[in-house]
Structure formats: C-alpha cells, structure tokens
1. So what's the angle, to the nearest 10 degrees on a 0 to 90 scale, between helix 19-50 and the longest Cα principal axis of the chain?
2. Give the share of C-alpha pairs in each 5 angstrom bin for the chain, from 0 to the last occupied bin, in whole percents, shortest bins first.
3. Whenever you get a sec, compute what percent of the accessible area on the chain sits on carbon and sulfur atoms (1.4 Å probe).
4. Tell me, which longest segment in the chain has none of the GluC sites (Glu not before Pro) that fall in DSSP loops with at most 15 further Cβ atoms within 10 Å?
5. Place +1 on the Cβ of every Lys and Arg and -1 on the Cβ of every Asp and Glu in the chain, take the dipole about the Cα centre, and give the residue among Val172, Gly77, Leu130 whose Cα lies farthest towards its positive end.
6. Calculate the length of the line joining the C-alpha centroid of the stretch 50-82 to that of the stretch 96-133, in whole Å.
7. Please determine, in degrees from 0 to 90 and to the nearest 10, the orientation of helix 167-188 with respect to the longest principal axis defined by the Cα atoms of the chain, where the helix direction is its Cα long axis.
8. Go through Pro121, Leu139, Val111 and say which Cα lies farthest out towards the positive end of the charge dipole of the stretch 89-179; charges sit on Cβ, +1 for Lys and Arg, -1 for Asp and Glu.
Amino acid sequence: MTPLVLLAAEPKSAEVTDWAGRLGWVAGLLLFVAFVYWLMRQGWKWRGSLQSDLPPLPEVPEAPGAARLTLSGRYHGSTTAGQWLDRIVAHGLGTRSRAELTLTDAGISVVRPGANDFLIPAEALREARLDKGIAGKVLTEGGLLVVTWAHGDKLLDSGFRSDRAAEHAAWVEALTHLNTASTTEGIAR
C-alpha cells in the first residue's frame, strides 16, 4: 500500500471543542453586560438625587370635576423646558408608561397604570404645542403633545402621544384657551 492510502485508512477523531475557553468567554460577556446595566442604574439614581430639590407631584383629586377632554395613549417622559434631552427622573417622571389624560377645571389628571399618577394644576400650565421629540423619543413631526408647566421653581415639558394622533390639535387648542383665560383673569384682579 502506498503511504497516502495508509493515511486515509487511519481512523481520525473530530476536532475537540475547547469548552473551558468557550464558557470563559460567555461568562466574561455576561459579567460585562451586568456591569454596564449596573452603571446605567447608578446613573439613573444619580440623576434622581441631583433632581431631589423638585417638590412632590400634586396628586390627582378624588373628584376633579367635569371632563373637558380625555386622551388615551402614552406618557413619554418629562424634561426641563426647552431642553428635550434633559430628562427629569425624580418622583417617577422619567418612567415611560401608558397614560390616561383628563382635562378638567383643576388641570390635567395624568393616570398611569404601574407608575405614579399626578396632576398638572391649571394654574401651573404655561403652554401646549405639537413637537417631534422628547427625552430621547423621536416621532414624526407633530406626533407628540408637549405640555409646558411650572413645578416648584422649574418649568417642565411633559410629552404625551395619543392613540389617535388627530386628538392632539384639540388638546393644544383647549390648553391654549385655558391658559389665556387664566392669564386674563389674573390681569383683571
């Protein structure tokens, strides 16, 4: 027999996987992901402690009055007014969630399942507009209802998106009218 045939006839074993090396890489990757998650969580807590001067949110009253408008959709977060990336995380304002908004004479009731409910008092309302982004969430032009309101000594922008985008214009109109009426009343006194 030729040497080539002898080599082909010898039994060969399959390549052996280096399981220890592979498991080491997987464990290292999992530790890295856990470390990055921990850093993100620490950053969130740090931002909350920096914003600890923000007073507690007004609670939704038991009987807020007759509803002028309602909106069902999503709450996308709150930021410092005019700075759409400066997210406010204190008192749960940084938590995105489903939301039910109700406009009454008392203001805007924001009811969020799984997060803190709050009231934007009518006297705190400053402006309402349609925008395209807030707190890292970017939508189509005019796809977001942004309400500017005073909380403590800070102006905040809170972003909401209705399940039916056609409702946004009615909210801007109603909030602008409510703000104009309260400003006129204040001047008349």
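1. Tilt relative to the chain: about 10 degrees.
2. 1, 7, 13, 16, 15, 10, 7, 5, 4, 3, 3, 3, 2, 2, 2, 2, 2, 1, 1, 1, 0, 0, 0
3. C and S fraction of accessible area: 61 percent.
4. 63-140
5. Farthest along the dipole direction, towards plus: Gly77.
6. 4
7. 40
8. Projecting each Cα onto the dipole axis, the largest value belongs to Leu139.
The values are calculated or read from the model by the stated rules, or taken from the named source; none is laboratory data. All figures in this text were calculated on a predicted structure; none of them were measured in a lab. As a convention, Cβ positions derive from the backbone with ideal geometry for all residues, glycine included, and neighbour counts pool all protein chains shown. What goes into the accessible areas is simple: the full protein's heavy atoms, side chains included, and nothing from ligands, DNA or RNA. Shrake-Rupley method; radii C 1.70, N 1.55, O 1.52, S 1.80 Å.
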